[in-house]
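Q: Sharing a structure below in structure tokens format, with a few things to ask.
Each reported figure results from applying straightforward, stated rules to the coordinates on display, with no laboratory input. Remember, predicted model here, so these are calculated numbers, not experimental data. Heads up, the Cβs are rebuilt from the backbone with ideal geometry, glycines too, and the neighbour counts pull from every protein chain shown.
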Amino acid sequence: MSKAVQIRQHGGPEQMELADVQVGDPGPGEIRIRHKAVGLNFIDVYHRTGLYQLPMPATLGMEGSGIVEAVGQGVTHLKAGDRAAYASQPPGSYSEVRVMPAKTVCKLPDAIDFDTGAAMMLKGLTAQYLLKRTQPQGGLKEGDFVLFHAAAGGVGLIAVQWAKAMGLRLIGTAGSDEKCQLAKSLGAEFMVNYSKEDFKDKVKEITGGKGVKVVYDSVGKDTWDKSLDCLSPFGLMASFGNASGPVPPFAPGILGVKGSLYVTRQTLFTHIATREATQQMADDLFAAVTSGKVKIRIDQKFPLAQVREAHQALEARKTTGCTILTL
Ligand SMILES: NC(=O)c1ccc[n+]([C@@H]2O[C@H](COP(=O)([O-])OP(=O)(O)OC[C@H]3O[C@@H](n4cnc5c(N)ncnc54)[C@H](OP(=O)(O)O)[C@@H]3O)[C@@H](O)[C@H]2O)c1
């Protein structure tokens, strides 16, 4: 048996209940993992509200770390007793123990503790694929400007540090002066408090009117239009989230008018579809973290039983950096 946070219908934080669930043995290609810590992500909010629909009842959670208890037939990269961490489908990490596909579970280097492992996999692999695998025509090179929204959040603070290590000139946005200060202290060259300043005007000013090569936009509805205006000709609008709501439908003609722009909507799960790709990206992330280039800030911890408060804080924009649920 395992304690697990489940929902029986989509809705507010009150839908999440701690339940006792049966956990079996891993089947072919699966492992059973006993969690040491669980990562909180904005996708958990979309799963809870129903923006992304789940079959019911559903255990939430896409990220965790722990100790492998058993492996199923055909699993060769893990064995019982291994320290491990993951970002993966299907949801289910808000639990003490679970059975899950082994494909996206990676051995955790000894130098990385369980809390950090649980905080960094989904958010760190996302920063990895955005900065390294989601680039404009001709790629990104040292000195290029990029705009990264919600730069003081979980994905944001990892991306800020990584972009600096890559020599990129990152302009970040955040919803308060304190958040802007924090992101700057970790390497954002410029920060704009978009709750009181027009980020489009600031980007034009900072780049001398030229605009940025890429906008990484996880805010969605509220930032979409102005983000397109921040791009230089042939620039890339990389949409990857909907914290303020989904981007409304738009006419592609607008992309021509604004400078022959490119638009993409990315999701981590396409990038980590295979064991090989997952491990390659995770190795890059582990190297960035163990070398000290990227520090994983865990600014909030909640016991698993207080998951409702954790969701409320995330949705109310009261968090910075990563948040974990403790067991
Ligand atoms: N597609 C993918 O592969 C992928 C993978 C991971 C994450 N994501 C997306 O990336 C984003 C960041 O994820 P995260 O888990 O690290 O969360 P987070 O950035 O720690 O939290 C979301 C942040 O979005 C900003 N925000 C702007 N408008 C908001 C609104 N109306 N309501 C709530 N927040 C708002 C807030 O920062 P300010 O107060 O500074 O505005 C808030 O702190 C999310 O949109 C998530 O869905 C996408």
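Q: State which residue is nearest to the chain's Cα centre (by Cα) when the search covers only the range 182-210 and only residues that are exposed (fewer than 15 other Cβ atoms within 10 Å of the Cβ) and part of a helix (DSSP H, G or I).
A: So, considering only residues that are exposed (fewer than 15 other Cβ atoms within 10 Å of the Cβ) and part of a helix (DSSP H, G or I), the one nearest to the chain's Cα centre (by Cα) is SER185.
Q: Do any residues in the range 190-216 that are in contact (Cβ under 8 Å) with a residue 60 or more places away in the chain have Cβ atoms under 9 Å from those of residues that are in a helix (DSSP H, G or I) and basic (Lys, Arg), where the two are at least six apart or on different chains, and which pairs are they?
A: LYS210/LYS204; GLY211/LYS204
Q: How many of the residues making up the range 98-127 are part of a helix (DSSP H, G or I) and buried (at least 24 other Cβ atoms within 10 Å of the Cβ)?
A: Here the count works out to 11.
Q: Okay, moving on. Which residues, counting only those in the range 32-72, are in a strand (DSSP E or B), touching a Pro at 6+ places or on another chain (Cβ under 8 Å) and either more than 16 Å from GLY12 (Cβ to Cβ) or of a type in the set (D, E, K, R) (or both)?
A: Across the range 32-72, the qualifying residues are ARG32, THR59, ALA70, VAL71.
Q: Here's a check for you: in the range 139-175, which residue that is more than 11 Å from the ligand (Cβ to nearest atom) and in contact (Cβ under 8 Å) with a residue 60 or more places away in the chain is surrounded by the most Cβ atoms within 10 Å (Cβ to Cβ)?
A: Of everything passing the filter in the range 139-175, LEU147 is surrounded by the most Cβ atoms within 10 Å (Cβ to Cβ).
Q: Which one of LEU18, LEU60, LEU40, LEU51 is away from the ligand (no atom under 16 Å from the Cβ) and either within 13 Å of VAL307 (Cα to Cα) or exposed (fewer than 14 other Cβ atoms within 10 Å of the Cβ) (or both)?
A: After ruling out the rest, the residue left standing is LEU18.
Q: Still on this structure, I have one more. Do you know which of the residues in the range 211-233 that are away from the ligand (no atom under 13 Å from the Cβ) and surrounded by 19 or more Cβ atoms within 10 Å (Cβ to Cβ) is nearest to the chain's Cα centre (by Cα)?
A: VAL215
Q: Spot the failing condition for LEU78; the list is (1) surrounded by fewer than 24 Cβ atoms within 10 Å (Cβ to Cβ); (2) under 18 Å from the mean Cα position of the chain (by Cα); (3) of a type in the set (A, V, I, L, M, F, W, C), and only one is missed.
A: Among (1) surrounded by fewer than 24 Cβ atoms within 10 Å (Cβ to Cβ); (2) under 18 Å from the mean Cα position of the chain (by Cα); (3) of a type in the set (A, V, I, L, M, F, W, C), LEU78 violates only (2).
A quick yes/no check of all residues on (1) touching a residue at least 40 places away in the same chain (Cβ under 8 Å); (2) farther than 24 Å from THR76 by Cβ:
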| residue | (1), (2) |
| --- | --- |
| THR274 | yes, no |
| MET281 | yes, no |
| GLY292 | no, yes |
| ALA310 | yes, yes |
